[in-house]
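Single-structure report; data block below.
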Amino acid sequence: MFDVLFITTLVLFVVTSVLCIYSLHTDDDRHKNRARLLLIAAIATFVALGAVRFYLTTDDGVVRGAFTIWGYFYLLALALVVLLVYLYFSRWRAQWWSFTTLAVPFITLVLIISTPFLDSARRITVETGHWLLPLHIVIAILGEIFFFLSFIGSVLYLVMEWQLKKKASMRFIFRLPTLESIEKFNRWAIARAFLLLSFGLVSGAFVAYGVFATMFQGSPKEIILYASWTVMLSLFWLRHGGRLDPHRASQLNVLLFVVLMFIFMFANIYITMGFHGFK
Amino acid sequence: MKESMNRPEIGLIGLSHKTAPVDLRERFTLGDEELPGFFEKTCAEGVDEIVYLSTCNRVEIYFITSDMNAAVESVLGVLEGVSLLPRGKFESSLYKKYSREAVLHLLSVASSLDSMVLGENEIFFQVKNCYGKSVRAGRAGTVLNRLFHQAFRTAKRVRSETEISKNPLSIAYIATELARKIFDDLSCQRALLLGAGEMGELILKYFTKYNIGEISIVNRSLANAERIARDVNREAHVVPLDDLASAAQGADIIIASASSPSFLVTPEMMRSIAKKRGSRPVFLIDIAVPRNVDPGVGRLDNVFLYNIDDLKSIADENLKHRLREIDVAEGLIRSDADEFYEWYAGLAVVPAIVKIRNEFEAIRSGELERYRRRKLKHLSDDDFHMVEDLTRQIMTKTLHNPITYLKRYQTKAKGHHDREAQHGPGEAARIIEELFNK
């Protein structure tokens, strides 16, 4: 049952991603409406998939489910889905579809990457039941997702700026939100990402101290993480003070997101050294 | 010219920007107070229904008549009187369309396919307004009411189902739309007009329509700057040209249209302005020739520079896109014209059906009455009603075949728009009418 549901969800997300990008290309309301309907169907099966995995086939629950590789990916995608739903009802509704067309392929990518780990028994080895650990995981994932939203915003800003400088056609420009609103969104998202990742870092350090009696073990991932946080602090400071123009800020944002994604997603799976790894 | 026919026919006489210059078109324009007289004169001689459509690009008269020759003569005669020109002076600029051609033309006009600016929306409201005047004057009847409502439906379909009205074509409008894609809310932005060029003033007027925040006008002659401020009907800071750098610092949108042999806005000036503005973008529209803004300014981050050629190439690109939509729009117009014509063809058989029914009913009730007085005296009221019902049933069943035949003939004509097929139902109706005529 789980396998069938997973394949259905994946197929729905792949088709929705294609239709989302195609609707942006054609600016045809009919494709947009079809993509929206498919997205609702995809989200429904996605939620059902989690329920089956965490409550029917295992007794892990969502947070403990994140201790497995597939569960971690699922939680990442779930957080993004929740934030997309939140954005729809927030002040960013006018820009919602532009962000969603880029976010849906990302969810699809996460699901595709998770496929080899569907039956993986590898888990995070820290299972001490420290009270801060589930909070640390949720906060860190939410921080990642807000950071992802700022990444989408930065990509949109660079595309919009490129189109405006190119001066070729207004047709594509009209499909995107205004340059000013994208920049406002970026600042909004980066502020929240910075705050949540900072909390994630502090709560992680407390968990490490509680379990290993040290806040810092000096593993490569910890070093890259602290370095990234410092860069992010500078980015936040520069961007919010208007000290860095949005073009450079967006380029930095994209670069930093790729680095952090590497750390959070791939390093956890392939560099198993340290307590973040799935062993 | 079309031959006279018994049934009402749709006719159109008009002239547009495609067939006549403006000095000729304006001679046929009527004021609201002249319309009743115009309707009176045309309807006195063979015209049953009439709509007078007048816009800056066309004057068209749509009418319904049972005698096309007389109606055309009547309209042309009235037009002679309106224009004070002999017929020979304007007849070559006129176009005359009948039946389906006239229907297709109105649908194209309302959908803005025949406009000077393809896909503009103004024509829809102009057609609606002119039609409303005829309705209020009691000159639009069953056919023109249906035809114009069909035209409005088609225009809405064309606008929503094609991209013919999307993507602006006017330079001033494109400049405003670009600003609206850079800034969230124009009412919070400050515009600066550099120079007193006509085009610059026009663009500034567009921005005021979107309730632009503050306005500054920088010009050599302060009197000219003040005149522009009066023209756009807004309070504006009038600044001498020497203070351009300080005035530009606070501006989010700069419209440059000054006549100057050298660049007035340089990359150095803009770089220092951009630095002080922080992350706020600047939009420059340089429509002056020779240009006022050094092209190097456009390469700076967060600075967006469009000159007249850039805006014109966007307009050309948008026009190309609109032109590509014409085929789709014409398909919609043809299918809607078919729908209207199907209804219209049905009109031809309605009087025949009514006439046959009335004829039979008169015979039936007459004969029954005669029999009641002579041979059916003994029948009670109830029995007589039974006989009445029986004769009515016999009449209905007898008429069923000829009426079905008429309706079937009309359906067969659907999809065949040649003259013979269109007139088929009318001809069939005429024969059947004659068969039952006394």
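Antiparallel beta bridges, as assigned by DSSP with both residues in the protein assembly as shown, represent about 50 percent of the total such bridges.
In the complete set of protein chains, residue-level accessible area for A:Phe89 is approximately 150 Å², probe 1.4 angstrom.
On the principal axes of its alpha-carbon atoms, the stretch A:124-270 has extents of 59, 28, 24 Å, going from largest to smallest.
The order of the peptides B:115-125, B:81-91 by mean Cβ neighbours within 10 Å, most packed first, is B:115-125, B:81-91. Taking the alpha carbon gyration tensor of the stretch B:314-413, multiplying each eigenvalue by 5 and rooting it gives semi-axes of 57, 11, 10 Å, largest first.
From the square roots a ≥ b ≥ c of the eigenvalues of the alpha-carbon gyration tensor of chain A, which class results: rounded (a/c under 1.5), prolate (a/b over b/c), or oblate? Cα axes put chain A in the oblate bin.
Across peptide B:161-167, what mean number of C-beta atoms from other chains lies inside 10 Å of a residue's C-beta? Intermediate results must be reported in sequence, preceding the final value.
Details: counts 2, 0, 3, 0, 0, 4, 4.
Mean inter-chain Cβ contacts per residue within 10 Å come to 2.
For the protein assembly as shown, the C-alpha radius of gyration sits at 1.39 times the compact-globule guess of 2.2 N^0.38 Å, with N the residue count.
Counting only heavy atoms of the protein chains and using a 1.4 Å probe, B:Glu26 has close to 110 Å² of accessible surface.
By how many nm would the segment from A:Leu135 to A:Ala41 grow when fully extended, if each residue of separation counts as 0.36 nm and the alpha-carbon distance is taken off?
Details: separation 94, 0.36 × 94 = 33.84 nm, distance 2.99 nm.
Result for the pair: 30.9 nm of gain on full extension.
Treating cross-link reach as a plain straight distance, find the lysines whose alpha-carbon is under 19 Å from the alpha-carbon of B:Lys397, omitting any fewer than eight places away in the same chain. Cα-Cα hits under 19 Å: B:Lys355, B:Lys407. Comparing A:Lys167, A:Lys184, A:Lys32 in a Gaussian network model of chain A (Cα springs below 10 Å), the most mobile by mean-square fluctuation is A:Lys167. A Förster distance of 51 Å, applied to the separation of the beta-carbon atoms of B:Ala245 and B:Phe152, puts the FRET efficiency at 0.45.
Beyond 29 Å, what share of the Cα-Cα pairs of the stretch B:9-164 is found? Please give it as a whole percent.
On the way: 1288 of 12090 pairs.
Pairs farther apart than 29 Å: 11 percent.
The protection proxy used here, the mean number of other Cβ atoms lying within 10 Å of each residue, ranks peptides A:223-231, B:68-76, B:105-113 as follows, highest first: B:105-113, B:68-76, A:223-231. If you take the alpha carbon atoms of the stretch B:76-224 and fit the smallest convex hull around them, that volume is 204 Å³ per residue.
Projected label points at B:Leu379 and B:Glu361, each 7 Å from Cα along the beta carbon direction, are separated by 1.9 nanometres.
With the largest listed first and rounded to whole Å, the semi-axes of the equivalent ellipsoid of chain B from the Cα gyration tensor are 66, 24, 19. With the Cα gyration tensor of the stretch B:171-311 giving a ≥ b ≥ c as the square roots of its eigenvalues, does the rule (a/c under 1.5 for rounded; else a/b larger than b/c for prolate; else oblate) give rounded, prolate or oblate? It is rounded, given that a/c, with a ≥ b ≥ c, falls under 1.5.
With a 10 Å cut-off around each Cβ of B:19-32, the average count of Cβ atoms from other chains is 0.
Counting only other chain Cβ atoms within 10 Å of each residue's Cβ, the peptide B:309-315 averages 2.
Please state the relative contact order of the stretch A:124-270 as a whole percent: Cα pairs under 8 Å, 6+ residues apart? Please report the intermediate quantities before stating the final value.
Numbers: 129 pairs, mean separation 48.7, N = 147.
Computed over the stretch A:124-270, the figure is 33 percent.
Taking the stretch B:9-164 as the region of interest, the number of lysine pairs whose Cα atoms are within less than 25 Å, with members eight or more places apart or on different chains, is 18. Three principal axis extents describe the C-alpha atoms of the stretch A:1-158; from largest down they are 51, 32, 24 Å. Accessible surface for B:Glu101 stands near 110 Å², nearest 10, in the context of the full protein assembly shown (1.4 Å probe). A Förster radius of 60 Å, combined with the Cβ-Cβ distance separating B:Phe125 from A:Thr8, puts the computed FRET efficiency at roughly 0.75. Residue separation of B:Tyr371 and B:Arg334 scaled by 0.36 nm, minus their Cα-Cα distance, works out to 7.7 nm of gained length.
Take the Cβ atoms of A:Ser90 and B:Ser313, set R0 to 45 Å, and the FRET efficiency comes out at 0.75. Please report the spacing between the Cα centers of the stretch A:170-230 and the stretch B:102-180 in Å, no decimals. Computed from Cα coordinates, the inter-centre distance equals 53 Å. Its relative contact order, with pairs defined as Cα atoms under 8 Å and 6+ residues apart, puts chain A at 20 percent.
The values are calculated or read from the model by the stated rules, or taken from the named source; none is laboratory data. As the structure is a prediction and not an experimental result, all values here were calculated from the model. Note that we place each Cβ from the backbone using ideal geometry, even for glycine, and neighbour counts take in every protein chain shown. Remember, those area values only see protein heavy atoms, side chains included, never the ligands or the DNA or RNA. Shrake-Rupley method; radii C 1.70, N 1.55, O 1.52, S 1.80 Å.
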